[in-house]
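Bear in mind these aren't lab numbers, they're just calculated from the coordinates by the rules spelled out. For clarity, every value in this text was computed on a predicted model and none was experimentally measured. All Cβ positions, even for glycine, are placed from backbone atoms using ideal geometry, and neighbour counts span all protein chains on display.
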Amino acid sequence: MWPSEFADRLDAWYQLRTHAQQLPPSSALITINDWWLSTPWHAYHLHWDDVEDWPDPWTLLSDNVYCDVARGLGILYTITLLDREDLACASLVLTEEGYNLVLLDQTKYILNWEKNTIVNTNQEVKVKRQLTQKQIQAQYL
């Protein structure tokens, strides 16, 4: 069950990062993906046209409103804060097809697609908009 209080969400997110830090890459990614996809879903909250005004990770947890973009942003924040060399090439993208996905190593892993799985593929994804870990680190962390 998703924590209703901000302090509990903050603690759960800390525990998620602590646990994921110790897992092999694919297990860490599945754990992170599943955690964020268990958030209460809302149809619209964040929009790519407002990327400059997107919340930092703590505000995202405080707001407690999670559309597909917000979930992807949470996944990207979590991966970025792990500061793991083997998870260092992540980005949140809006695809030409309208999906909001988190890509690692270009398209080796695709998150924010469905729960209990990460897509492992070398398939080409047509990117319309993108937010990288480097941009996250420069702007928020």
**Request:** Divide by every residue of the chain the summed helix terms, -39500 (n - 2.57) for each DSSP H run of at least 4, and state the resulting mean residue ellipticity at 222 nm, rounded to the nearest 500 deg cm²/dmol.
**Result:** -12500 deg cm²/dmol
**Message:** If amide hydrogens are placed 1.01 Å from N in the peptide plane, which non-local residues have theirs closer than 5 Å to the one on Gln130?
**Reply:** Leu94
**Message:** If you average 1/r across every pair of different Cα atoms in the chain and take the reciprocal, what Kirkwood value do you get, in Å?
**Reply:** 15.0 Å
**Request:** Output ³J(HN,Hα) for region 47-63: one whole-Hz value per residue in order, computed from phi by the Karplus curve 6.51 cos²θ - 1.76 cosθ + 1.60 with θ = phi - 60°, and x for Gly and Pro.
**Result:** 9, 4, 5, 10, 3, 5, 10, 5, x, 6, x, 6, 5, 4, 5, 5, 4
**Request:** Let me know the charge dipole size of the chain about its Cα centre in debye, to the nearest 20, where only the beta-carbon of Lys, Arg (+1) and Asp, Glu (-1) is charged.
**Result:** 300 debye
**Asked** Looking at the chain, what % of its DSSP beta bridges pair antiparallel, to the nearest 5?
**Response** 95 percent
**Item:** In Hz, Karplus ³J(HN,Hα) per residue of region 14-20 (6.51, -1.76, 1.60; θ = phi - 60°; x = Gly, Pro)
**Value:** 4, 4, 4, 5, 4, 5, 5
